[in-house]
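Here's the structure we're looking at; comments come further down.
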Amino acid sequence: MLNVSVRQFACPTRGLSVSMARLGSAVRGRQVRGFEEIPHTGSNGYINLFWFWKEDRFQSLHTYMERTFNSLGPIYRQRLGSQETVNIMLPADIMELFLSEGLNPRRMTVQPWAAHREIRKHSKGVFLKNGSEWRADRLVLNKEVMLGSAVRRFFPLLDDVAQDFCRILRRRVETDGSGEGRRSLTLDPSPDLFRFALEASCHVLYGERIGLFSPNPSRESQLFISAVERMLVTTTPLLYLPSNLLISLHAPLWIQHATAWDTIFSHAEDRIQKGYQKLRSKAGLNGQSPDTQSPDTQEAFSGVLGQLIEKGQLSVELIRANITELMAGAVDTTAVPMQFALFELARNPSIQETVRRQVQSSWAAAGGDSLKALQGAPLLKATVKEILRMYPVGITVQRYPIRDIVIQNYHIPAGTLVQACLYPMGRSKDVFREPEIFKPTRWEKSERHAAGGTGPGSGFLSLAFGFGARQCLGRRIADNEMQLLLFHILLNFRLSVSSPDNIKTKYTIILQPETPPSITFTLL
């Protein structure tokens, strides 16, 4: 809980800090304090970095941030190596940051990723771009993955994979289960969830299934999953060290990171080439290249890749860069939250039953239409939001304000790297009532109003996918993917766990369990 000096800036509605003026949270009648006066964790970035390494704080960065906010208040400066950030956690302060992000928002460049692209002469996707170039590419990509029309196009593909996952799991329970009638099976679902996420992503992005649910999934796909995990684990320590020095020294950490990215690019390249050749062969019947087909001669092509190639608004290099980024970010970032979701539903059986009843009712009313059924089960969407509040995939959202701003009565110059820290916000009693409790209904409008969640900054309580024009490009895919899988699991299984104890978590550029929880699936 934040100390007394913090509470004077908190509003009565659970700590949504009050913005007293357009420039931020400056308190009327008090002189704005300077940047150097912001509480900090130590002025020497390399000494701080040494202690981070020595005490292995990188894997517990999320809890370290929480403790630091509790100690220093709702804003503090952090220097690690050559990097300096201002960290904030109250929704109204995050709103001020959003209002200063500008037309072409910038977030922190993940330097190891950018260095890999430059060394290998790969184009950069929108994740690593800034400025007008970023905006031009992003507007093209939004049409294929963010708009409602795009969701309606790829939704059936996700639904196919989710239903297949449950059918196969049901057969496993019937074959290998225990208890009366072999109706229960306890297992660590994480390997299956990773395969589900990759299968679903490939179906949406490439318009094809890759057979990960078969008894003998391809070695190539397993290597891809391992490469993504290795890339994520090696990213965090590389963020605070000069990439050029590590590259020149052939540092083992850098070599592991670069090799992982090479595997990811190779996996994506194979599928992109297959997709392009398939479309070219269709176009060849008309004597045209895929980039020059008229709308009258184009055939429907499933998959985001096919849509981008057909429309020809991005070069092949840019398509490759962005599809690869989407693939790299599509596996762990959905499979890991699903582990947390299954665990929380399993250890909260009354909540599980409440959500299931709504799912069953909606499914019956929808007559087998999964899109309609999902729309009729708002508690499912609230469940995903609640999971991402408690266990945000990315623990920060970063921006560089384009103008000077004032937050918590401190002056922050334009161009400063500011981080909205999601894990501490989600666990704060100054923001959420009973934050330690898994409670999906807190996201219902009536509940939010009763809890005071309609004050300044209330639109910035759920930021797992970021905010504004630079929010996560794959959020519609990920959100629907998670909701659909939960939907079909709740229709088929009752979930339980042997222990209700909290899961220990670790941070490896994404938040994940130290040890994946085992779940008991019982047939309904």
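The values are calculated or read from the model by the stated rules, or taken from the named source; none is laboratory data. Quick caveat: nothing in here was measured; it's all calculated off a predicted structure. As a convention, Cβ positions derive from the backbone with ideal geometry for all residues, glycine included, and neighbour counts pool all protein chains shown. Quick note on the areas: whole protein, heavy atoms, side chains included, nothing else; ligands and nucleic acids left out. Shrake-Rupley method; radii C 1.70, N 1.55, O 1.52, S 1.80 Å.
Tell me which lysines have Cα within less than 19 Å of Lys54's Cα, excluding those fewer than 8 residues away on the same chain?
List returned: Lys506.
On a 30 Å Cα-Cα criterion, which of the cross-link pairs Lys124/Lys274; Lys143/Lys381; Lys439/Lys504; Lys124/Lys311; Lys143/Lys274; Lys143/Lys429 come out too long?
Those over the limit are Lys143/Lys429.
Among Ala268, Gln256, Gly177, flag the residue with its Cα farthest along the positive direction of the charge dipole of region 137-272, charges on Cβ as +1 for Lys/Arg and -1 for Asp/Glu.
Gly177
Within 12 Å, Cβ to Cβ, of Ile47, how many net charges do the neighbouring residues add up to if Lys/Arg are +1 and Asp/Glu are -1? Don't skip to the answer; put the middle values down first.
Details: positive: Lys54, Arg79; negative: none.
Net charge in that neighbourhood comes out at +2.
Averaging the inverse of every distinct alpha carbon separation and then flipping it gives the Kirkwood radius. What is it for region 94-159, in angstrom units?
Value: 14.2 Å, from the Cα pair sum.
Could you order His267, His411 by accessible surface area, starting with the largest, using a probe radius of 1.4 Å?
Working: His267 5, His411 60 Å².
Result, largest first: His411, His267.
Can you give the Rg/Rh ratio of region 416-524, where Rg is from the C-alpha atoms and Rh is the Kirkwood radius?
Here Rg/Rh amounts to 0.98.
With a/c under 1.5 counting as rounded, go ahead and sort region 316-459 into rounded, prolate or oblate using the C-alpha gyration tensor (a ≥ b ≥ c being the square roots of the eigenvalues; past the cut-off, prolate if a/b is larger than b/c, else oblate).
On the way: a/c = 2.15, a/b = 1.31, b/c = 1.64.
Oblate is the answer for region 316-459, as a/c is 1.5 or above yet b/c matches or exceeds a/b.
Accessible area per residue of the chain at 1.4 Å probe, in Å²? Intermediate values should be presented prior to the final figure.
Values: 21820 Å² over 524 residues.
Heavy-atom accessible area per residue stands at 42 Å².
Amide H neighbours of Thr505 under 5 Å, at least 5 residues apart or on other chains, H built in the peptide plane: list them.
When sequence neighbours closer than 5 places are left aside, the close amide H contacts are Glu514.
Based on alpha-carbon centroids, what's the gap between region 65-80 and region 236-280 in Å, whole number please?
Value for the Cα centre distance between the two parts: 33 Å.
Using θ = phi - 60° and the Karplus form 6.51 cos²θ - 1.76 cosθ + 1.60, what ³J(HN,Hα) does each residue of region 501-509 get, whole Hz, x for Gly and Pro?
Calculated HN-Hα couplings, in order: 4, 4, 7, 7, 10, 9, 10, 9, 6 Hz.
Determine the dipole magnitude for region 44-131: charges of +1 sit on the beta-carbon of Lys and Arg, -1 on that of Asp and Glu, nothing else is charged, the reference point is the Cα centre, and the result goes in debye to the nearest 20.
Result for region 44-131 is approximately 500 debye, rounded to the nearest 20.
Give the distance, in whole Å, between the Cα centre of region 300-366 and the Cα centre of region 404-434.
29
Does the chain classify as rounded, prolate or oblate by the C-alpha gyration tensor (a ≥ b ≥ c root eigenvalues; a/c under 1.5 gives rounded; else a/b over b/c gives prolate, otherwise oblate)? Don't skip to the answer; put the middle values down first.
Numbers: a/c = 1.57, a/b = 1.20, b/c = 1.31.
It is oblate, given that a/c is not under 1.5 and a/b is not larger than b/c.
Could you tell me which of rounded, prolate or oblate describes region 89-244, using a ≥ b ≥ c as the square roots of the eigenvalues of the alpha-carbon gyration tensor, with rounded for a/c under 1.5 and, failing that, prolate when a/b is larger than b/c and oblate otherwise?
Working: a/c = 2.01, a/b = 1.76, b/c = 1.14.
Since a/c reaches 1.5 and a/b is larger than b/c, the shape of region 89-244 is classed as prolate.
When the dipole is taken about the Cα centre of the chain, and only Lys, Arg (+1) and Asp, Glu (-1) are charged at their Cβ, what size is it in debye, to the nearest 20?
For this selection, approximately 820 debye.
Please report the base-10 log of the normalised intensity I(q)/I(0) for region 132-209, using a Debye sum with one equal scatterer per alpha carbon and no solvent, at each q in 0.15 (1/Å).
Debye curve over Cα of region 132-209, log10 I(q)/I(0) at q = 0.15 Å⁻¹: -0.67.
As a check on your grasp of the helix formula, calculate [θ] at 222 nm for the chain: sum -39500 (n - 2.57) over DSSP H runs of n ≥ 4, divide by the residue count, round to the nearest 500.
Numbers: 20 runs with 268 residues, N = 524.
Helices in the chain give a 222 nm mean residue ellipticity of -16500 deg cm²/dmol.
Give me the percent of the accessible area of the chain that comes from carbon and sulfur atoms, probe 1.4 Å, all protein chains in place. Before the final figure, lay out each step's value.
On the way: 11470 of 21820 Å².
Carbon and sulfur together cover 53 percent of it.
Give the ranking of Ser248, Ser201 by solvent-accessible surface, highest area first, calculated with a 1.4 Å probe.
Numbers: Ser248 75, Ser201 0 Å².
So the residues, ranked largest to smallest area, are Ser248, Ser201.
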